[in-house]
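Accompanying notes for the structure given below.
Computed from the coordinates by the stated procedures, all read-outs in this text should not be read as laboratory data. Worth saying up front: this structure is predicted, and the values here are computed from it rather than measured. Methodologically, a virtual Cβ is constructed for each residue, glycine included, from the backbone with ideal geometry; neighbour enumeration extends over all protein chains shown.
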Protein chains: 2
Amino acid sequence: MRRLPAAERREQLLDTAARLFAERGYAGATTAELAKAAGVTEPIIYRHFASKRDLFIALIDRTGAETIRLWEQHIADAKEPAERLRRLIGVNPMVSPKGRGVYRIIVQAMMEIHDEKILAALDRHIAALHKFLCGEVVRAQESGQVSNRFSPEITSWLLIHLGLGYGVLAPLGMPGHARDTTGMHVRDVVEQLMLGVK
Amino acid sequence: MRRLPAAERREQLLDTAARLFAERGYAGATTAELAKAAGVTEPIIYRHFASKRDLFIALIDRTGAETIRLWEQHIADAKEPAERLRRLIGVNPMVSPKGRGVYRIIVQAMMEIHDEKILAALDRHIAALHKFLCGEVVRAQESGQVSNRFSPEITSWLLIHLGLGYGVLAPLGMPGHARDTTGMHVRDVVEQLMLGVK
DNA sequence: GTTCCGGGTAAGTGTACACTCACTTTCGGC
DNA sequence: GCCGAAAGTGAGTGTACACTTACCCGGAAC
């Protein structure tokens with residue numbers, strides 16, 4: 001077996017666990033499967049994490065932080081506030097093909113909130129996400145380029161609901177999901193509503 | 001033990017299972033707990049359902065149908081199309097305090113889509129829900145009383161995403177969720193957007 | 001080459017789970 | 001009251017699961 005230094009192995013365990021937890025959820029992904037996916041045996045998981053639950057919570061924290069980081073990265077070099085907001089909506093990692101596979105861990109975790117530590121981890125993430133989005137909406141509204149019809153807070157809740165709702169439904173793979181017969185996508189609608197008439 | 005006729009017992013099993021599955025999810029609610037909640041022992045579950053999975057799927061079907069029926073009921077006697085749409089948004093059983101506790105079964109089921117029968121049941125529900133909402137949006141738009149800026153299909157997807165997103169997040173119980181400091185609620189925003197300027 | 005630290009495995013453990021089976025009890029019809 | 005059908009129980013089963021333990025081994029430093 002190819003050995004890895006502890007930090008590398010821990011990261012690899014998180015990476016492989018991310019995929020399995022996203023697809024199967026917390027209970028559905030067994031420690032045997034998690035170990036196999038990482039190419040190790042089960043005791044190695046416990047070398048790095050006190051329990052399966054701790055691994056899951058570490059992943060919630062990591063995924064939450066990574067989602068916001070990705071989002072910030074995608075909008076970083078937009079010149080105009082309106083463009084920046086357009087990108088905020090258009091490349092949302094909660095729902096983008098690239099990001100939502102991993103973000104589903106957060107969605108799966110939403111089903112485990114009877115566990116107080118998981119609930120706490122989710123609270124942290126949603127609070128950080130709401131704060132981030134608020135900051136962006138404030139910025140855009142203050143520039144005068146986009147509608148300030150609704151407050152940044154309420155707008156951010158809307159964006160979060162839309163992101164979560166889309167993320168819940170997209171994996172069903174329903175034909176025509178989130179589109180209409182003209183090819184318009186909900187993203188376009190959200191963009192128009194957010195950038196709306198002042 | 002007080003005996004119930006088969007049809008009554010089946011209904012009672014579905015009722016009690018609804019609460020447990022909504023709270024704990026499919027894997028989290030054990031057959032022992034389901035039986036206890038119904039005041040019977042485990043073999044009785046198997047008298048009425050071939051498996052735990054079949055019970056769960058029966059609940060998805062029932063919950064989906066009931067949600068739409070409740071929705072229809074709430075809007076049935078609205079006089080004006082605009083009022084009807086306002087009610088459609090305002091008393092959405094996906095998110096209302098009364099309905100969302102049970103609707104969480106649908107949300108929980110969204111996490112079990114690796115099971116093809118559960119996936120199929122969800123497909124049926126979402127397709128029916130989308131169809132129902134489209135019908136209502138068409139009706140409202142044709143009356144000329146509400147905006148037809150966006151198609152009924154795309155509008156319905158938006159409403160579904162918002163409902164699911166809210167339903168996922170509400171059980172976290174975060175202070176200030178879905179509101180802003182003025183007390184405005186996302187429901188008000190959705191209403192204004194849907195009834196928007198023509 | 002040797003030693004030692006830390007990464008890794010094979011085998012196992014006790015408990016929980018979905019489900020079954022043999023038997024009991026209830027209740028309505030006669 | 002008796003009988004039979006159907007509803008119900010107690011005890012159990014085999015398997016899966018999260019986690020542990022004793023031991024092994026790779027690789028870097030000397």
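Semi-axes of the equivalent ellipsoid of segment A:1-156: what are they in whole Å, largest first, if each equals the square root of 5 times a C-alpha gyration tensor eigenvalue? The partial results should precede the final answer.
Details: eigenvalues 249, 54, 28 Å².
Listed largest to smallest, the semi-axes of segment A:1-156 are 35, 16, 12 Å.
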Suppose a student asked you for the relative contact order of chain A, using Cα pairs under 8 Å spaced at least 6 residues apart; what percent would you report?
21 percent
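Largest first and in whole Å, give the semi-axes of segment A:133-185's equivalent ellipsoid, each being the square root of 5 times a Cα gyration tensor eigenvalue. All intermediate terms of the calculation are to be shown ahead of the outcome.
Details: eigenvalues 158, 40, 11 Å².
So the equivalent ellipsoid measures 28, 14, 7 Å along its semi-axes.
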Go through segment A:33-43 residue by residue and turn each phi into a ³J(HN,Hα) via Karplus (6.51, -1.76, 1.60, θ = phi - 60°); whole Hz please, and just put x for glycine and proline.
5, 4, 5, 4, 4, 8, x, 9, 9, 3, x
Say a paramagnetic label sat at a point 7 Å from the Cα of B:ARG47, along Cα to Cβ; which residues of segment B:1-16 have their backbone N under 15 Å from it?
B:1-14
May I ask you to report, in nm to one decimal and beginning with the shortest, the distances from B:ALA76 to the same position in the other copies, taking label points 7 Å along Cα-to-Cβ?
5.8
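Among the listed pairs B:LYS79/B:LYS131; A:LYS52/B:LYS98; A:LYS117/B:LYS131; A:LYS131/B:LYS98; A:LYS36/B:LYS36; B:LYS36/B:LYS131, which are separated by more than 28 Å between their Cα atoms? Intermediate results must be reported in sequence, preceding the final value.
Values: B:LYS79/B:LYS131 22 Å; A:LYS52/B:LYS98 35 Å; A:LYS117/B:LYS131 39 Å; A:LYS131/B:LYS98 30 Å; A:LYS36/B:LYS36 37 Å; B:LYS36/B:LYS131 38 Å.
Check vs 28 Å cut-off fails for A:LYS52/B:LYS98; A:LYS117/B:LYS131; A:LYS131/B:LYS98; A:LYS36/B:LYS36; B:LYS36/B:LYS131.
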At 4 °C in a medium of viscosity 1.567 mPa s, segment A:1-49 has a Stokes-Einstein diffusion coefficient, with Rh taken as the Kirkwood radius over alpha carbon pairs, in µm² per second, of 120 µm²/s
What nm distance separates the two modelled labels at A:LYS117 and B:ARG124, each placed 7 Å from Cα along Cα→Cβ?
4.0 nm
Where only alpha carbons of the protein assembly as shown are counted, the Rg and the Dmax (Å):
22.2, 73
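Nearest 20 debye, what's the magnitude of the dipole of segment A:1-49 about its Cα centre given +1 on Lys and Arg Cβ and -1 on Asp and Glu Cβ? Numbers along the way, then the final one.
Details: 8 positive and 6 negative charges, 33 e Å.
In debye, rounded to 20, segment A:1-49 gives about 160.
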Any chance you could give the angle, 0 to 90 degrees and rounded to 10, that helix A:52-75 forms with the longest Cα principal axis of chain A?
30 degrees
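Relative contact order for segment A:1-49: what is it in percent, counting Cα pairs under 8 Å that are at least 6 residues apart?
Values: 26 pairs, mean separation 17.2, N = 49.
After rounding, I find 35 percent.
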Nm distances between the label at A:PRO43 and the same-position labels in the remaining copies, 7 Å along Cα→Cβ, shortest first?
4.4
Between copies, how far apart are the B:PRO97 label points? List them in nm, one decimal, shortest first, with each point 7 Å from Cα toward Cβ, please?
4.4
Report the residue, chosen from B:LYS79, B:LYS36, B:LYS117, that carries the largest GNM mean-square fluctuation when chain B is represented by alpha-carbon nodes joined by springs under 10 Å.
B:LYS79
Mind checking A:167-180 for the average number of partner chain beta-carbons within 10 Å of each residue's beta-carbon?
5
